[in-house]
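Trainee: I am attaching a structure below and will ask some questions about it afterwards.
The values are calculated or read from the model by the stated rules, or taken from the named source; none is laboratory data. If you're wondering where the values come from, they're calculated on a predicted model, not measured in any experiment. Don't worry about glycine lacking a Cβ; one is built from the backbone with ideal geometry, like all the others, and counts go over all protein chains shown.
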Amino acid sequence: MATPGAFVIFGATGDLARRMLFPSLYFLDADGLLPDRLRIVGAARSVLTDAEFRKQAEGWVRERAGAFFSEKAWESFSKRLSYAAGDSTAPASYKVLVEKLKGAEGGALFYLSTSPTLYIPIVKGLASVGLASPPNGLMVEKPIGNSGRTCDQINSAIAEHFPENRTFRIDHYLGKETVQNLIALRFGNALFEPLWNRYSIDHVQITVAETLGVEGRFGYYNDYGATRDMVQNHLLQLLCLIAMEPPSDMRAGTMHDEKVKVLRALRPIRDSELLEKTARGQYTRGVADGKTVPAYAEEEGGKPSDTETFVAMCAHVDNWRWAGVPFYLRTGKRMPIRHSQIVIEFRDVPHSIFTGAPLMPNRLIITLQPEESISLTIMNKTPTLSQGGYELQPLSLNLSLLDAFKGEKRRRIAYERLLLEAISDNSTLFVRRDEADAAWLWVDRIIEGWARTGLKPTSYPAGSWGPAGAFALTERNGHSWHE
Ligand code: BG6
């Protein structure tokens, strides 16, 4: 497929476009990574001239780029920009777009940075003027529905016009450098593979903790909750990268095939197991990031709600490699610190010859955010003389990626990588439809189970690590969260 001649952003004046999309495109251009002929069209309701739109976009890019803003790079980038005003539910808007896209060789890529309720109307609008067929492509982001059923409805409407290989479903975690490094860690090193299985690994923990609350998104979040907002996509994608079999190459189809096998191997959690294998929480008033913050139920006018702002789960991947190995997942808002971390805990030594304090199992700790690091805890002899032999203590071999790549000028926005991949027609870092379906299937069953059994979130103070049930979840198996 040829590279597109135009990149069109619907919702061009919205928050995502301002903070992520335009700055990302600007940086790609400044680094010489955009095709020369690529035009960028912003589409939104506000009535603006091209010049007015460019002025607004300059403000967004300046703000995001800070010291990395270059007048020269902006001047060149701004020449690519134009604007198409219109209501995306009005047929006339699409005629304007057709005019704008005249002569765009290689077709156009449409990015829907709008409310998901507009996804289907936009696809239909594009189809009505002949813009919804290859080589044109579509980029969409979650929430694509709020259940497997509604996700399928939207995907089916898209698939009537855009084939799967021209549909790029974004999970922005896959655009993170640190998440891609998981692939490098596993498949670029021979060291781990012989140990990467049930014989050596005792359990896995995946934590994505945020100090933020719902940040003005109560309306959306209250319908979703942590399970749909984070587990169905980001956490399960991380689980896939940890649990998947080594793919034979990096092609999109090969990678997706391996990931989907993991998702399909996730053992369904039965209603009778929900209390033991899941914990839902909702934050109450507390202190987060050094500030006193309101309870979730007091956000935006105070509506009592059963939405979880924290969830922990114990998952199992039922296959030969992982049989019997718990994968603990945990994510929450208003946690004590912001960090995303994967902990691989290895098995205990089969027999200890040391008589002192018990040995600690080795842990491979991969921190994805805020600073990327990899560390391996190993038992060491304490350099002391003591009667009766050895004293041992766990110490870490640490690799700080921040220090290793000190020369790198700036931290890339995850969207830079994703936009570039879509423009280059590579779907490896996007989510294939069957992956999304398999992830929903597992998550839907849990959410429906909570409704069937009346299991409500329990409270946790903002600034803590979640409700008591989250600790019981690991302790029941003799494990504890790494904090
Ligand atoms: C989004 C969720 O997908 O990811 C947000 O909708 C969440 O609720 C965000 O805050 C977290 O992303 P990051 O990149 O800050 O870890």
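Trainee: Name every residue in the stretch 298-316 that is assigned to a loop (DSSP other than H, G, I, E, B) and among the β-branched types (Val, Ile, Thr), in order of residue number. Don't jump to the end; show me each part of the working.
Mentor: Taking the stretch 298-316 as the starting set, the residues that turn out to be assigned to a loop (DSSP other than H, G, I, E, B) are 302-309.
Within the stretch 298-316, Thr307, Thr309 qualify.
Trainee: Just one of the numbered conditions (1) of a type in the set (Ser, Thr, Tyr); (2) touching a strand residue (DSSP E or B) at 6+ places or on another chain (Cβ under 7 Å); (3) assigned to a helix (DSSP H, G or I); (4) buried (at least 21 other Cβ atoms within 10 Å of the Cβ) is not true of Ser427; which one?
Mentor: Exception for Ser427: condition (3).
Trainee: When only residues in the stretch 298-315 that are within 16 Å of the ligand (Cβ to nearest atom) and under 18 Å from Ala472 (Cβ atoms) count, which is surrounded by the fewest Cβ atoms within 10 Å (Cβ to Cβ)?
Mentor: Val311
Trainee: Shifting gears a bit: Evaluate the following for Val61: is it assigned to a helix (DSSP H, G or I) and modelled with pLDDT under 95? Lay out the reasoning, then the answer.
Mentor: On the way: assigned to a helix (DSSP H, G or I): yes; modelled with pLDDT under 95: no.
It is false that Val61 is assigned to a helix (DSSP H, G or I) and modelled with pLDDT under 95.
Trainee: I'd like to verify a number: residues in the stretch 155-177 that are surrounded by fewer than 18 Cβ atoms within 10 Å (Cβ to Cβ) and among the aliphatic types (A, V, I, L, M), how many?
Mentor: Result for the stretch 155-177: 2.
Trainee: Could you give every pair whose Cβ atoms fall below 7 Å, whose first residue belongs to the stretch 232-248 and is under 13 Å from Arg186 (Cα atoms), and whose second residue is within 11 Å of the ligand (Cβ to nearest atom) and of a type in the set (Phe, Trp, Tyr), counting only separations of at least 6 or pairs across chains?
Mentor: Pairs found: Leu238/Tyr173.
Trainee: Scan the stretch 273-304 residue by residue and report those that are small (Gly, Ala, Ser) and modelled with pLDDT under 90. Before the answer, list the steps.
Mentor: Looking only at the stretch 273-304, we keep the residues that are small (Gly, Ala, Ser), and these are 279, 281, 286, 288, 290, 295, 297, 301-302.
Hits for the stretch 273-304 are Ala288, Gly290, Gly301, Gly302.
Trainee: Any chance the stretch 343-355 includes a residue that's part of a strand (DSSP E or B), more than 30 Å from Ala159 (Cα to Cα) and among the β-branched types (Val, Ile, Thr)? Please lay out each step first, then the result.
Mentor: Step one: list which residues in the stretch 343-355 are part of a strand (DSSP E or B), which gives 343-346.
After this cut, where a residue has to be more than 30 Å from Ala159 (Cα to Cα) as well, the list is 343-346.
Right, trim to among the β-branched types (Val, Ile, Thr) and you get 343-344.
Yes: one or more hits.
Trainee: Continuing with the same structure: Under the condition of being within 16 Å of the ligand (Cβ to nearest atom) and polar (S, T, N, Q), which residue from the stretch 316-370 is modelled with the lowest pLDDT?
Mentor: The selected residue is Gln369.
Trainee: Residues that are more than 16 Å from the ligand (Cβ to nearest atom), under 26 Å from the mean Cα position of the chain (by Cα) and over 24 Å from Asp36 (Cβ atoms): which strands (runs of 3 or more DSSP E) entirely in the stretch 88-176 hold 3 or more of them? Steps first, answer last, please.
Mentor: Details: elements: 108-112, 137-141, 167-170.
Of the strands (runs of 3 or more DSSP E) lying wholly inside the stretch 88-176, none has at least 3 residues that are more than 16 Å from the ligand (Cβ to nearest atom), under 26 Å from the mean Cα position of the chain (by Cα) and over 24 Å from Asp36 (Cβ atoms).
Trainee: Might you check whether a residue that is closer than 22 Å to Asn181 by Cβ and out of contact with any His (no Cβ under 8 Å at 6 or more places or on another chain) occurs anywhere in the stretch 378-396? Walk me through it before giving the result.
Mentor: At the first step, the residues of the stretch 378-396 found to be closer than 22 Å to Asn181 by Cβ are 378, 396.
Okay, now just the ones that are also out of contact with any His (no Cβ under 8 Å at 6 or more places or on another chain), so 378, 396.
Yes; the residues of the stretch 378-396 include at least one that is closer than 22 Å to Asn181 by Cβ and out of contact with any His (no Cβ under 8 Å at 6 or more places or on another chain).
Trainee: For the stretch 64-87, which residues satisfy the criterion of being touching a Ser or Thr at 6+ places or on another chain (Cβ under 9 Å) and either part of a strand (DSSP E or B) or closer than 12 Å to Leu131 by Cβ (or both)?
Mentor: Those that are touching a Ser or Thr at 6+ places or on another chain (Cβ under 9 Å) and either part of a strand (DSSP E or B) or closer than 12 Å to Leu131 by Cβ (or both): Tyr83, Ala84, Ala85.
Trainee: Taking the options Gly130, Gly125, Gly103, Gly107, name whichever one is at positive phi and buried (at least 17 other Cβ atoms within 10 Å of the Cβ).
Mentor: Working: Gly130 fails: buried (at least 17 other Cβ atoms within 10 Å of the Cβ); Gly125 fails: at positive phi; Gly103 fails: buried (at least 17 other Cβ atoms within 10 Å of the Cβ).
Testing whether each residue is at positive phi and buried (at least 17 other Cβ atoms within 10 Å of the Cβ) leaves just Gly107.
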